[in-house]
Each structure stands twice: as C-alpha cells, then as structure tokens.
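*Asks:* Before anything else, here's the structure in question.
The values are calculated or read from the model by the stated rules, or taken from the named source; none is laboratory data. Note that this is a predicted model, so its numbers are computed, not measured. Cβ sites come from the backbone with ideal geometry, for glycine too, and all protein chains shown count toward neighbours. The accessibility values were calculated without ligands, DNA or RNA, using every heavy atom of the protein model including side chains. Shrake-Rupley method; radii C 1.70, N 1.55, O 1.52, S 1.80 Å.
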Amino acid sequence: MSNAFLQISNAQKVSRDAIPHLSFDEFRSQALDMVTNGGKVVHYFAYPDKDRLKFLAVLRTDKLFVAGCDVPDPYPSFTRICEPFHLFEREMAEQFGIRPQGHPWLKMVRYHPNYADGAADVFGNDYSQDIPGNYKYYQVEGEEIHEVAVGPVHAGVIEPGHFRFNCIGERVLHLEIQLGYQHRGIEKQLLEVPAKRLPILAENIAGDTTIGHSLCMAQNLEALTGVEPDQGARVIRTIALELERLANHIGDLGALSGDVAFLPPANYFGRIRGDFLNLSLLICGNRFGKGLVRPGGVRFSLANDVRKVLNERLAELRPEVTHVLELLFNAVTVRARFERCGAVSHEDADHLGLVGPAGRASGMAYDVRRCFPTEHYPHIGIQKNKKATGDVYARARVRYDEILQSLQIVESLAAIPVETQCVNEGIADDLPASSFSVALNEAWRGEVSHAVLTDENGKILRYKIKDPSFHNWNGLAMALRDTGISDFPLNNKSFNLSYCGFDL
C-alpha cells in the first residue's frame, strides 16, 4: 500500500498543509490501488479553494487516510475501474459541473443547479421545472417486458422517491431508484449560518438519525477547537446513540412483521418502539434526541432521579423485547418469507460499499463502534455481527442481535452514576484557520460521516455530509434482481433507507 495518503484518526484536527496534495495521476493511481485492494471510500468530494477546484478523498482500510489534488475537467472516471466511486463522481458532476469521462452510469444524484459560477450543467437540466423530465432510466427491451412505476408520491408519510421496475411477468429484472426530489441544500446552508446554528441543522439532516448526525457535527467542531467533553457527556452520548438504534431497529422489525401479515409482533414492536423513544424524551425532553448533543458535551445531565426511572423502564422492557423477538423469529411462516428473499451477495455488497446492518447481513463485518471507536465505545466490546446469506432474514437477524447488544450497553451504562457539566447551545464563530477534520459514527443504518474544511480566515470552506443511505440505496436495487415484484415492500423495509439523509 502506498504511503502518499496521510494516515489520520477519527475526529482529529489536521492542518490542511499536512494533507498530501498530489498530482492528479498520482492521486488517482493511489486511491484506486487502495480501494481495489480492499479499502473503502468514506468521502470523495470537490471543493473550491481560491481560484481552483480541488478533490479530497478520505479512504479507510483498518485505518483512515486522506489526500487531495487539483481537479482536471474533464477527468478520467475512477468508476470505470472501481465501482465504489460511482455515486461520489455523479455527485461531484452535479455539484460542480465537472465531468468524469467514461463514467458508465452518469446520472443525477439529486436535482439542483451546480454550485460553480458559469459551469455548464452536466445533465442539461432546466431547473425551473419542479420534477426532472429528462432522467434516462435504464430500460430492458423485449415483447414480454413491462415497466412498473411507483412514486414519486407515496401512500405513506415519507419523502418522495421514484422506483422504476423492469419486469418479465412478476419477476424483476432491474430496479432503478431516482431520489433528490426534495433537495434541501443543507451543505450550502452550513456555510452561511452562524456557528450556533450548525448543531440545529445537523440534528435535522435525518430526524430518525438525530444523534448520529449531531454527534459527527459536535466531534468535528470539538476536534477543530480543542474542546474535550467530559467522561459523563461521553457516556450520555453513547446511551443516546444506542437508544436511537434500539427504537429504529425495533420499528423495522415491526414493519417487517406487518409486511408478512404477522400482526401480533407488528403491534407489540410498534408500542415498544414508542417506549424507547420515550426514554430519549426522559433524558432530554425530545423523543428523537434533538437538543441533547452539542459541541463540548450535552445540554442535559443524567440526574439520579432520571437514571432511576431509566433503569426501571429498561428492566420492564427487556422481557417484553425478548418475548416479541422470539415470537417473530420462531414462527416458521415468517422464516419461510424472510429466508432466500432479496439476497445481496458478499461480492456485490463489497463492490457497492454497503455499510451498517445491510452490509453486515452480506458478510461485511465493519462497524464504526469497533473499528474507529469514539465516545465511550473504546471501553465497550462490540462483537462482530456479520451474517452469510444477505437476505431479508439476515438483515432482520442483524437487527435482532443488535437490539439485545444495545439493550445490554444502555443497561450497563445507566446503572452507574453519571456526572457531567452541561454545555450551552454551541461554540463561538471562530474556528482555526486552514484545518480539516472528519468524524465517523455507527448510526443505526451504518457509517455516518461529516468532513469539514476551514479556509485561511477560519471560515468553513466545505462541509461534507454522508448518510449511510448514500451507500445502501443501490443495495436495495440489487436485492430486487430476480425477485418477485410482490417482495418489494418486504425488501424495502429490510433496508429501510433514508430519503432525507440522502437528499440533504
């Protein structure tokens, strides 16, 4: 492995002068070498620096690495050689109007004019239209082929997205997913608001991942400013992240129960999910954890009376959770529907860079809590939880195991008195000049990561956000290959991907 990329740590301040600035050819060669030999892409984005446009890549093996280069436009696509770069290159084409020559699947990621003054739109869009009309869907030809279009308006109360199935009879040959209908421009907003507004935007990137995203924001700002949260704050943050995981995993298993018409666990899990959301409410006054995590620590302590109620409710919930998990997974009718449905092979998961439960279900053991631990996780033994089959059953079983693991983590941390000095809303506007930090956390869907670059005046030059769904939407498309179209809802629930985290 080449040494040209700089090895860095999770949530660590790095001077931008220390980040290797390579020639494009060397940058491309070494990034491709690292990823084709088992590495993964955490970030790969463009940013303007004075009169130039630059690339920055953060890659991971068992360590984190970073390097950058100037952008040639056009440039030879990395994706032609190495699939994990494909969505990152599409995103840069949309954001900055730079064309990856030879990209095999160059389409929009979201739907907005590019950020570069005077740069032509790569896709030829007229952004005065509300809904993009010139998106070229993949098509299968043949007399027996038919297409099924779903969305962008859904029956459920969710974000808009369009699903286009190419089918022969009931069998799906290909599913293409188009997102970005509600692009909110969060990355641009983060450059324009006062520092005290940053955490508020971060915790609203994806409401069901409030703690995951706000933790990345806080850790980056702490790294840049040299602020150290106390140990009590780290414990409370860890509890909050695990409660978020519990509520969402339990909700997912309830949704899967409903999709196979096994209603008792669907109803029980729905109620129990509410109980775990109410534990977040108990700690900070918000069911989704909003207002809890801030740079420097947390805004609410875990007082002894709160901790007492938390422990009592956990003791009540454990037997209920265990019972309903057994009810679901011991039902042969459920196993018959879950097993061998929507399988994603380890090879495909590896090429797509799947993360979180979706990746672990296909044999990818990666978990940020174990591989790049922050907060209280260095003191917790996070077990590998990979499965072999990559099907709906494996994705459900990963959640089963992680529910029990997260429950044990919260119980053990809540049993010990916790003291912390609560912090206020945020930090001062001044950040260190010409600095960089990247923070990774294992949110309930998988690896969530934020990267921040400051300019020579200490202003944020580029704030890059990556939700785990950025990696995993294509996993859902692969799961539908050669599967009955009636299995789509079940597969969709087994991934439960984020529209808003993707649309930013």
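*Asks:* Ignoring ligands, DNA and RNA, what percent of the 1.4 Å accessible area of the stretch 1-120 is carbon and sulfur?
*Replies:* That share works out to 44 percent.
*Asks:* Turning to a different aspect of this structure: If r is the Cβ-Cβ distance from E141 to E170 and R0 is 30 Å, what FRET efficiency results, to the nearest 0.05?
*Replies:* Taking R0 as 30 Å, the efficiency between E141 and E170 is 0.95.
*Asks:* Starting from the Cα of S412, move 7 Å in the Cα-to-Cβ direction to define the label point; list residues of the stretch 443-460 whose amide nitrogen is under 20 Å from there.
*Replies:* Counting backbone N atoms under 20 Å from the label point, the list is 443-444.
*Asks:* Follow-up question, since we're still on this one. Skip the ligands, DNA and RNA, and give the accessible area per residue of the stretch 46-134 with a 1.4 Å probe, whole Å². Can you show the working numbers first?
*Replies:* Working: 3730 Å² over 89 residues.
Accessible area per residue: 42 Å².
*Asks:* Please compute the length gained on full extension between S23 and V332, using 0.36 nm multiplied by the number of residues separating them and subtracting their Cα-Cα distance. Please report the intermediate quantities before stating the final value.
*Replies:* Working: separation 309, 0.36 × 309 = 111.24 nm, distance 5.83 nm.
Gain on stretching S23 to V332: 105.4 nm.
*Asks:* Something else now. Express the accessible area of the stretch 161-200 per residue in Å², computed with a 1.4 Å probe while the remaining protein chains stay in the model.
*Replies:* Dividing the accessible area of the stretch 161-200 by its residue count gives 41 Å².
*Asks:* Pull out the extension gain between A119 and K50, defined as 0.36 nm times the separation in residues minus the alpha carbon to alpha carbon distance; nm, one decimal.
*Replies:* Roughly 23.2 nm would be gained on extension.
*Asks:* Ok, one more. Put +1 on the Cβ of each Lys and Arg and -1 on the Cβ of each Asp and Glu in the chain; which of G180, V109, V309 then has its Cα farthest toward the positive end of the dipole?
*Replies:* Checked the options; the winner is V309.
*Asks:* Can you tell me the length gained on complete extension of the stretch V148 to I382, counting 0.36 nm per residue apart and subtracting the Cα distance?
*Replies:* 80.0 nm
*Asks:* Could you work out the relative contact order of the stretch 185-313? I mean the mean sequence separation of Cα pairs under 8 Å and 6+ apart, divided by the number of residues, in percent.
*Replies:* In percent, rounded to a whole number, it is 28.
*Asks:* Quick one: if you stick a label point 7 Å off each Cα along the C-beta vector at S15 and N204, how many nm between them?
*Replies:* 3.8
*Asks:* Hey, another quick one. Quick one: what do you get for the chain if you divide its Cα Rg by 2.2 N^0.38 Å? Mind dumping the intermediate values first?
*Replies:* Numbers: Rg = 22.4 Å, N = 504, 2.2 N^0.38 = 23.4 Å.
The chain yields a ratio of 0.96.
*Asks:* Can you compute the FRET efficiency between D401 and R318 using 1/(1 + (r/R0)^6), with r the Cβ-Cβ distance and R0 = 22 Å? Round to the nearest 0.05.
*Replies:* Step by step, r from the Cβ atoms, then E = 0.90.
*Asks:* From Cα pairs below 8 angstrom and at least 6 apart in sequence, can you work out the relative contact order of the stretch 39-133, rounded to a whole percent?
*Replies:* 20
*Asks:* So, one more: Compute the Kirkwood hydrodynamic radius of the stretch 348-504, taking the inverse of the mean of 1/r over all pairs of distinct Cα atoms, and give it in Å to one decimal.
*Replies:* Kirkwood radius, the stretch 348-504: 17.8 Å.
*Asks:* Another question about this same structure. For the stretch 87-177, take every pair of Cα atoms, bin their distances at 5 Å starting from 0, and report each bin as a whole percent.
*Replies:* Percent of pairs per bin, in order: 3, 12, 19, 18, 18, 15, 10, 4, 1, 0.
*Asks:* To continue, here is another question. Which residues in the stretch 233-257 place their backbone N less than 11 Å from a point set 7 Å from the Cα of N311 along the Cα-to-Cβ direction?
*Replies:* none
*Asks:* A further question on this structure: Measure off 7 Å from each Cα along the Cα-to-Cβ vector at N37 and E228, then give the distance between these two points in nanometres to one decimal.
*Replies:* 3.6
*Asks:* Quick one: check the C-alpha center-to-center distance for the stretch 436-456 versus the stretch 370-414, whole angstrom.
*Replies:* Cα centroid to Cα centroid, the span is 21 Å.
*Asks:* Considering the Cα trace of the stretch 342-392, what is its radius of gyration and what is Dmax, both in angstroms?
*Replies:* Here Rg and the maximum Cα pair distance are 11.9, 36 Å.
*Asks:* Using the heavy atoms of the protein chains alone and a 1.4 angstrom probe, what is the accessible area of the stretch 439-497 per residue in square angstrom?
*Replies:* 22
*Asks:* In addition: Ignoring ligands, DNA and RNA, what percent of the accessible area of the stretch 427-504 is carbon or sulfur (1.4 Å)?
*Replies:* Working: 860 of 1840 Å².
Carbon-and-sulfur percentage of accessible area, whole number: 47.
*Asks:* What is the projected area of the convex hull of the Cα atoms of the stretch 416-489, averaged over all directions, in nm²?
*Replies:* Approximately 9.3 nm², given one-decimal rounding.
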